[in-house]
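S.K.: Before anything else, here's the structure in question.
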Amino acid sequence: MLGILFQVLVSVIQKARSSNVGLLSLYIVGAFTLWVLWRLWTFSLSPKLWPNRPLMLPYKFPLLGHTLQFLKNPEDLIQNGK
């Protein structure tokens, strides 16, 4: 997985050097890469390293957490957390 991300990052950097929109694409790929790494660490690696810690319910956006799910259906969110 990380090998594929590295290959994509290298190809984007090479393309960015030859185009005017390269800096924007580097920012987008960089942000996406950081998000993927954060998600892997938070929900895959960290629970295996520290199995005694309480599990975290997966969410998509780091700053919003479960806010959108809570606004839609709070009872369902709490049932899934038990």
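S.K.: Counting only residues that are in contact (Cβ under 8 Å) with a residue 12 or more places away in the chain and of a type in the set (Ser, Thr, Tyr), how many does the range 23-80 have?
M.R.: The qualifying residues number 3.
For every residue, the table says whether it meets (1) at pLDDT 85 or above; (2) more than 30 Å from LEU5 (Cα to Cα); (3) out of contact with any Leu (no Cβ under 8 Å at 6 or more places or on another chain).
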residue	(1), (2), (3)
ARG39	yes, no, yes
ASN52	yes, yes, yes
GLU75	yes, yes, yes
ILE78	no, yes, yes
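S.K.: Only one of LEU71, LEU45 is closer than 30 Å to VAL12 by Cα, part of a helix (DSSP H, G or I) and either of a type in the set (Asp, Glu) or modelled with pLDDT of 85 or more (or both). Can you tell me which?
M.R.: Numbers: LEU71 fails: closer than 30 Å to VAL12 by Cα.
Of the residues listed, the single one that is closer than 30 Å to VAL12 by Cα, part of a helix (DSSP H, G or I) and either of a type in the set (Asp, Glu) or modelled with pLDDT of 85 or more (or both) is LEU45.
The values are calculated or read from the model by the stated rules, or taken from the named source; none is laboratory data. Just so it is clear, the structure is predicted and the values come from calculations on it, not from any experiment. When we count neighbours, we look across all protein chains shown, and the Cβ atoms used for this are built from the backbone with ideal geometry, even at glycine.
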